[in-house]
Amino acid sequence: MTKTPISLQELRRRIYRKAKAEPTHRFWGLFTHITRMTTLQEAYQHAKKNNGAPGIDGKSFADVEREGVIPFLESIQAELQAGTYRPQANRKVEIPKANGKMRTLQIPTIRDRVVQGALKLILEAIFEADFCTNSYGFRPKRSQHQALAEVRRSVMRRMTTVIDVDLSRYFDTIRHSVLLGKIAKRVQDPQVMHLVKQVIKAAGKIGVPQGGPFSPLLPE
């Protein structure tokens, strides 16, 4: 009897529950889920919703829609499954900060945004189970309003000490070996680990590029 494929939402829910119940469990067989068309389609919709400028190849969402989304995603899927996928270089954009300095964003191509988004959709379900309950930045179903509500509750409990820490160039100085080692504690899938390595090394030998869908998950 052929099993009915479960939805992406249900898959993520199951992965999360497994990760929550078994904090030392290492997941395998994830690459198949990352390369499923439903995952790639969801990743594309997320990327399109966020819009954003084209990457180094100059291809916009309008271009993708005109040429056909399904063929576009099928070509990505084929490259991933064949092991021939290689990220393109990111397009660097300088963004001014409030203190007068500049922050460098690295804009991936739409093709690479889809791959990063698919990777995040699956791995996020694992690491959400491990993250601190009091962290709110870049996390699904969490907002600044919830963070402020938590601060309000803490003040009412007379917790009034505030520690402000700003790590200089934190994203830019993350060591790949350390990051990959931490991910490997939860992921026992060589193809997934190779894909993560490709993504983070697209920006250079050290640091995590800011600007792609996968980036906010990594420093957590």
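Say whether the condition of being outside any strand (DSSP E or B) and at pLDDT below 80 is met by at least one residue in segment 100-119.
yes
For residues that are touching a helix residue (DSSP H, G or I) at 6+ places or on another chain (Cβ under 7 Å) and in a loop (DSSP other than H, G, I, E, B), tally how many sit in segment 188-206.
Residues that pass the stated criteria total 2.
Restricting attention to segment 51-98, report how many residues are among the hydrophobic types (A, V, I, L, M, F, W, C), under 24 Å from Gln191 (Cβ atoms), open to solvent by 40 Å² or more (accessible area, probe 1.4 Å) and outside any loop (DSSP other than H, G, I, E, B).
So the count comes out to 3.
Taking segment 98-112, which residues are under 22 Å from Asn50 (Cβ atoms) and not aliphatic (A, V, I, L, M)?
Hits for segment 98-112 are Arg103, Thr104, Gln106, Pro108, Thr109, Arg111, Asp112.
Those residues that are surrounded by 11 or more Cβ atoms within 10 Å (Cβ to Cβ) and either in contact with an Asp or Glu (Cβ under 7 Å, 6 or more places away or on another chain) or of a type outside the set (A, V, I, L, M, F, W, C) (or both), I need them from segment 39-49; list them, please.
Result: Thr39, Gln41, Glu42, Tyr44, Gln45, His46, Lys48.
Have a look at Ser143, Ser168, Ser135, Ser215 and point out the one that is modelled with pLDDT under 80 and open to solvent by less than 20 Å² (accessible area, probe 1.4 Å).
It is Ser215.
Give just the number: which of (1) part of a loop (DSSP other than H, G, I, E, B); (2) farther than 28 Å from His194 by Cα; (3) polar (S, T, N, Q) does Gln146 not satisfy?
(1)
Out of Ser7, Ser60, I need the residue that is hydroxyl-bearing (Ser, Thr, Tyr) and within 13 Å of Arg111 (Cα to Cα). Which one?
Values: Ser7 fails: within 13 Å of Arg111 (Cα to Cα).
Selected residue: Ser60, the only one of Ser7, Ser60 that is hydroxyl-bearing (Ser, Thr, Tyr) and within 13 Å of Arg111 (Cα to Cα).
Cβ contacts < 9 Å: first residue free of Cβ contacts under 8 Å to residues at least 40 places away in the same chain, restricted to segment 70-81; second residue among the aliphatic types (A, V, I, L, M) and open to solvent by 40 Å² or more (accessible area, probe 1.4 Å), any location; separation 6+ or different chain. Result?
Ile70/Met37; Glu74/Met37
The values are calculated or read from the model by the stated rules, or taken from the named source; none is laboratory data. Fair warning: this is a prediction, and the values are worked out from it, not measured in the lab. All Cβ positions, even for glycine, are placed from backbone atoms using ideal geometry, and neighbour counts span all protein chains on display. Accessible surface areas use protein heavy atoms only, side chains included; no ligands, DNA or RNA. Shrake-Rupley method; radii C 1.70, N 1.55, O 1.52, S 1.80 Å.
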